[in-house]
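Trainee: This is the structure I have questions about; it appears just below.
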Amino acid sequence: MYTLFLTLHNITRWLVLIFGVIAVVRAFTGWLGRRSWSKADRQVGALFTGMIDVQLLLGLILFVFYAPFTGVLFSNFGAAMRDGVTRFFALEHSLTMLIVVVLAHIGTAAIKKVKNSAAKYKRAALWFTIALGLILAMIPWPFMQYGRPLLRLFGITV
């Protein structure tokens with residue numbers, strides 16, 4: 001089951017990034033190009049936020065039931081915090097991604113509160129860019145000390 005959830009978490013990461021980039025690009029091009037807010041703009045933002053929600057659920061399942069560091073975290077918090085890799089996954093990655101969920105939902109709600117297209121695009125650009133930036137900063141890229149493979153498919157890594 002660990003491999004299944006890890007694979008799903010990895011695949012969803014790429015969907016989050018794809019929809020995040022599309023949402024941010026649409027927000028900026030709509031704002032700067034003075035376009036009218038469209039149903040497609042709303043849908044892309046909803047897909048970005050929805051994928052973040054799915055990612056959170058998969059991450060929580062991994063964290064609570066399968067992650068190898070969870071036992072160390074709860075049995076010896078001090079030792080877990082002294083180990084950079086454990087600290088990253090147990091605290092930094094997890095906490096920042098929870099913040100991302102909140103920011104994406106605040107952004108989605110803020111967009112709904114205004115009628116003006118320019119204001120919608122501006123809010124989408126602000127909130128979605130911050131969320132995407134934090135996501136990019138907290139992904140365990142392969143070149144980092146705590147890095148993970150770019151793609152994990154049922155035990156096959158790339």
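Bear in mind that the values in this text are calculations on the coordinates, not laboratory data. Since we're looking at a predicted model, the values are computed, not measured. Ideal geometry is used to build each Cβ from the backbone, glycine not excepted, and the neighbour counts take in all protein chains shown.
Trainee: Could you tell me the calculated FRET efficiency between Lys39 and Leu153, based on Cβ-Cβ distance and R0 = 35 angstrom, to the nearest 0.05? Don't skip to the answer; put the middle values down first.
Mentor: Details: r = 34 Å, r/R0 = 0.96.
Approximately 0.55, to the nearest 0.05.
Trainee: Another one. Which of Asp41, Asp83, Asp53 moves the most in a Gaussian network model of the chain with Cα springs under 10 Å?
Mentor: Result for the chain, Cα springs under 10 Å: Asp83 fluctuates most.
Trainee: Let me spell out the model: positive unit charges on the Cβ of Lys and Arg, negative unit charges on the Cβ of Asp and Glu, origin at the Cα centre of region 2-141. What dipole size does that give, in debye rounded to 20?
Mentor: Working: 14 positive and 4 negative charges, 186 e Å.
In debye, rounded to 20, region 2-141 gives about 900.
Trainee: Stick to Cα atoms and the Kirkwood definition of Rh, then tell me Rg/Rh for the chain. Kindly include the intermediate steps, with their values, before the conclusion.
Mentor: On the way: Rg = 17.3 Å, Rh = 16.6 Å.
My calculation of the ratio gives 1.04.
Trainee: Listing Arg82, Arg35, Arg152 from the residue with the fewest other Cβ atoms within 10 Å to the one with the most, what is the order? Walk me through the intermediate numbers first.
Mentor: Details: Arg82 10, Arg35 14, Arg152 18.
Lowest count first: Arg82, Arg35, Arg152.
Trainee: Could you tell me which of Ser94, Asn76, Ile156 has its Cα farthest along the dipole of the chain towards the positive end, charges placed at Cβ (Lys, Arg +1; Asp, Glu -1), taken about the Cα centre?
Mentor: Ser94
Trainee: Here's something else I'd like to know. Give the calculated FRET efficiency between Met81 and Leu57 to the nearest 0.05, with a Förster radius of 25 Å applied to their Cβ-Cβ distance.
Mentor: Values: r = 26 Å, r/R0 = 1.03.
Plugging the Cβ-Cβ distance into 1/(1 + (r/R0)^6) gives 0.45.
Trainee: Something else about it: What nm distance separates the two modelled labels at Ala137 and Val72, each placed 7 Å from Cα along Cα→Cβ?
Mentor: Computed distance between label sites Ala137 and Val72 equals 2.5 nm.
Trainee: Next question. Taking the chain as a Gaussian network, Cα atoms linked when under 10 Å apart, which of Arg148, Arg34, Arg123 shows the biggest mean-square fluctuation?
Mentor: Comparing Arg148, Arg34, Arg123 in a Gaussian network model of the chain, the most mobile one is Arg34.
Trainee: Can you work out the FRET efficiency for the pair Lys112 and Thr3, with r the C-beta to C-beta distance and R0 = 30 Å, to the nearest 0.05?
Mentor: Working: r = 39 Å, r/R0 = 1.29.
For R0 = 30 Å, the calculated efficiency reads 0.20.
Trainee: Here's another thing I want to ask about it. Top mean-square fluctuation among Leu95, Leu134, Leu47, Gaussian network model of the chain, C-alpha springs under 10 Å?
Mentor: Leu95
Trainee: Enter the Cα centre distance for the pair region 1-60 and region 77-99, rounded to the nearest angstrom.
Mentor: Centre-to-centre (Cα) distance: 24 Å.
Trainee: Rounded to the nearest whole Å³, what is the per residue volume of the convex hull around the Cα atoms of region 1-93?
Mentor: Details: hull volume 9.5 nm³, N = 93.
Spelled out: Cα convex hull of region 1-93, divided by residues, is 102 Å³.
Trainee: Less than 15 Å Cβ to Cβ from Leu98, Lys/Arg counted +1 and Asp/Glu -1: what total charge do the surrounding residues give?
Mentor: Numbers: positive: none; negative: Asp53, Glu92.
Once positives and negatives cancel, what remains is -2.
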